[in-house]
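Report on one structure; see the data block that follows.
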Amino acid sequence: MSDAGIPADGKGASESRRMVLNMGPQHPSTHGVLRLKLELDGESVVHAESDIGYLHTGIEKECETKTYQQVVPLTDRVDYLANLSNNLCYCLAVEKLLGLEVPPRAQWMRVMLTELTRINSHLVWLGTHAMDIGAMSVFLYCFREREDILRIFEMFSGQRMMTSYFRIGGLALDAPRGWREPVKKFLDAFPARVDEYETLLSSNPIWLQRTQGVGCIPLEDMLEAGVTGPMIRAAGLAWDIRKSEPYSGYEKFDFKIPTRAAGDVYARYQVRMEEFRESARIVRQALEGMPEGPVVADAPKVVLPDREKMKTEMEALIHHFKIVTEGFRVPAGEVYQVIESPRGELGYYIASDGSAKPWRVHMRTPSYGNLQALPRGIEGRLLADIITTLGSLDIVLGDVDR
Amino acid sequence: MPLAQAICERDPSAFINLEQRMGEWTAEVAPERITQVCQWLKDAWQFERLSTVTAVDWPERDARFDVVYHLHSIARNERLRLKCRVGGEAPEIDSVTSVWRGADWYEREVFDLFGIRFRNHPDLRRIMMPEDWQGHPLRKDYPVHGGRYDYTGK
């Protein structure tokens, strides 16, 4: 591997004890297809380097060939554990370009569903992270709760994962009949379930030994490397985009930003566990205060008309035809919209040339920045700590490679 | 915004243009001054984060690429976009990795997908595409589909 600066056969290393190990791209603990090139001295990691791109699908290029509305299903496939967060960020960006005002009910639905997405994503993180470290039962419990959330998503959008439920201007359709019961049932049960996970892990001596003091990266280094989200908050900085740059009505919700000072894997675990509870609080507020009213903006040239109106009004029929056949034009300009995804700062940069297709869509994905900082967390540590540290980054390789 | 004023009063040979649209500030920067400008913004205006670096291809233009930087200051809760126009046969610009080390992967991605070289980058090589790949996929003249299938039937 001449490209790596590390000889693949290990020759040229200063001591014969040193060896080069390829971890991945097919390795269960890399949570996807990530390859790590590791230079080891015994069990210590001397040098680490990530090799990414195995899941590069060219989504950004693909976006340029679709009309604005057709891009929404592509955004699902970026971070496949936080589909609705990606839907939301993209829609907010285009709505900003169009100057659209989204009605309150749609905003609250968006908040409720993206917070359920956060819980869903954190459940997958906790389950797989704990399993990497050897705690099998946590995984089973987490996926039990995740199933409830996926059923709610299916109820709303017809899809468990690739939801595409948000549209430019609002929602695809209003919430289905009887949507409150499953959400309420989930919320009533969930806090006790989080307690259950904590009894399994928080004072488990193996868990503590494997996570405390492991994977620390100085806060300044993380900020420089582009790390965002729970990792930053676990190192003591109370920065959350939902508070600092509120979007979709987050300023109307009451929630806390959990932080820890230690900055190790255990602190990241604690922060995400508290985020479970905070997100559940937000969902409950959204559920109880859900406004009535329309779920799409009043913008006939952007939002598809009501089916009934199409049968009686010529205008509505024309708009429907135009939107479906050629899309809608978006004024020339550029926007950068950021939201707090479960993994950190998710940003969509859209450049428009005034046509019906985006000229350029760039996704600033949180996993990309988070992964970039990995070597600083594992160099000088033991081989086994790589698994722990990587798990605590909570990367999704689709989010890294796009 | 005091920052906008400071930019206007600063060296006009570095800042070509400054505008606010849809609540977002964009400064156009002379490409040869980008590292210096970023260092000043980081030191004097607390832009401790580089959120992302990307590029946009406008093939009709003389200098066809915009290299776009999104800066973020957590301390001042402010964002700023910088744009540099580069072009020519072998587009080049200075790397900002000396200012924010995290620019590393973002610049590699722009190099890989747009073919813009970053001078003084510590490790400039492809990041998404295979090492031996030909061409730069996010350029507008790069086809979306491979050449083997011709759907038009021509």
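Quick notes on this one:
- Inter-residue pairs, beta-carbon under 9 Å, first touching a residue at least 40 places away in the same chain (Cβ under 8 Å) and within 14 Å of chain B (Cβ to nearest Cβ) and in segment A:238-266, second surrounded by fewer than 17 Cβ atoms within 10 Å (Cβ to Cβ) and aliphatic (A, V, I, L, M), 6+ apart: none
Residue-wise test of (1) of a type outside the set (A, V, I, L, M); (2) at pLDDT 90 or above; (3) assigned by TED's automatic domain parsing to the domain that holds A:Ala82; (4) over 26 Å from A:Leu173 (Cα atoms).
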site	(1), (2), (3), (4)
A:Arg268	yes, yes, yes, yes
A:Arg272	yes, yes, yes, yes
A:Glu278	yes, yes, yes, yes
A:Gln285	yes, yes, yes, no
A:Pro294	yes, yes, yes, no
A:Thr312	yes, yes, yes, no
A:Gly327	yes, no, yes, no
A:Asp353	yes, yes, yes, yes
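- Any hit, segment A:128-143, residues being buried (at least 22 other Cβ atoms within 10 Å of the Cβ), aliphatic (A, V, I, L, M), closer than 17 Å to A:Leu346 by Cα and in contact (Cβ under 8 Å) with a residue 60 or more places away in the chain: no
- Of the residues making up segment A:200-217, none is closer than 30 Å to B:Leu71 by Cα, touching a strand residue (DSSP E or B) at 6+ places or on another chain (Cβ under 6 Å) and assigned by TED's automatic domain parsing to the domain that holds A:Ser85.
Per-residue answers, yes or no, for (1) crowded, with 16+ Cβ neighbours inside 10 Å; (2) part of a helix (DSSP H, G or I):
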residue	(1), (2)
A:Met231	yes, yes
A:Arg242	yes, yes
A:Tyr247	yes, no
A:Tyr266	yes, yes
A:Glu275	yes, yes
A:Arg281	yes, yes
A:Pro291	no, no
A:Val303	yes, no
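- Residue in segment B:84-103 that is under 13 Å from the mean Cα position of the chain (by Cα) and among the basic types (Lys, Arg) present: yes
- Taken as a whole, segment B:17-31 holds no residue that is among the aromatic types (Phe, Trp, Tyr), assigned to a strand (DSSP E or B), away from every other protein chain (no Cβ under 11 Å) and out of contact with any Gly (no Cβ under 9 Å at 6 or more places or on another chain).
- Residue match in segment B:51-65 (condition: touching a Pro at 6+ places or on another chain (Cβ under 7 Å) and under 26 Å from A:Ser352 (Cβ atoms)): yes
- Segment A:54-75, subset assigned to a helix (DSSP H, G or I) and either crowded, with 24+ Cβ neighbours inside 10 Å or among the hydrophobic types (A, V, I, L, M, F, W, C) (or both), residue farthest from the other protein chains (Cβ to nearest Cβ): A:Val72
- Among the residues of segment A:311-338, the one identified as crowded, with 16+ Cβ neighbours inside 10 Å, outside any strand (DSSP E or B) and within 14 Å of another protein chain (Cβ to nearest Cβ) is A:Val330.
- Identity of the residue in segment B:42-57, without any contact (Cβ under 8 Å) to a residue 40 or more places away in the chain and more than 8 Å from chain A (Cβ to nearest Cβ), that ends up surrounded by the most Cβ atoms within 10 Å (Cβ to Cβ): B:Phe47
- Of residues in segment B:96-111 being buried (at least 23 other Cβ atoms within 10 Å of the Cβ) and of a type in the set (Gly, Ala, Ser), the one farthest from the other protein chains (Cβ to nearest Cβ): B:Ala103
- Tally, over segment B:104-122, of residues that are touching a Ser or Thr at 6+ places or on another chain (Cβ under 9 Å) and part of a loop (DSSP other than H, G, I, E, B): 3
- Single residue of segment A:352-362 satisfying the filter (facing chain B (nearest Cβ under 9 Å) and crowded, with 22+ Cβ neighbours inside 10 Å) that is farthest from B:Arg81 (Cα to Cα): A:Arg360
- For segment A:163-206, the set of residues classified as buried (at least 17 other Cβ atoms within 10 Å of the Cβ) and either closer than 30 Å to A:Pro358 by Cα or of a type in the set (D, E, K, R) (or both) consists of A:Thr163, A:Ser164, A:Tyr165, A:Phe166, A:Arg167, A:Ile168, A:Gly169, A:Gly170, A:Leu171, A:Ala172, A:Ala175, A:Arg193, listed by residue number.
- Residue satisfying all of: in segment A:207-223; in a helix (DSSP H, G or I) and surrounded by 18 or more Cβ atoms within 10 Å (Cβ to Cβ); nearest to the other protein chains (Cβ to nearest Cβ) among these: A:Leu223
- Residues in segment A:294-338 that are closer than 28 Å to A:Leu81 by Cα and over 31 Å from the mean Cα position of the chain (by Cα): none.
- Here the helices (runs of 4 or more DSSP H) wholly within segment A:77-184 that include at least 2 residues being within 14 Å of chain B (Cβ to nearest Cβ) and either acidic (Asp, Glu) or in contact with a Phe, Trp or Tyr (Cβ under 9 Å, 6 or more places away or on another chain) (or both) are A:83-98.
- Members of segment B:66-95 found to be hydrophobic (A, V, I, L, M, F, W, C), touching a residue at least 24 places away in the same chain (Cβ under 8 Å) and within 11 Å of another protein chain (Cβ to nearest Cβ), listed by number: B:Leu71, B:Ile74, B:Ala75, B:Leu80
- Within segment A:376-394, not a single residue is over 14 Å from the mean Cα position of the chain (by Cα), within 9 Å of chain B (Cβ to nearest Cβ), under 30 Å from A:Ile206 (Cα atoms) and not in a helix (DSSP H, G or I).
- Identity of the residue in segment A:339-362, part of a strand (DSSP E or B) and within 12 Å of the chain's Cα centre (by Cα), that ends up farthest from A:Pro300 (Cα to Cα): A:Gly344
The values are calculated or read from the model by the stated rules, or taken from the named source; none is laboratory data. Computed from a predicted model, the values in this text were never measured in an experiment. A quick note on method: Cβ atoms are made from the backbone with ideal geometry, for glycine too, and the neighbour counts reach across all protein chains shown.
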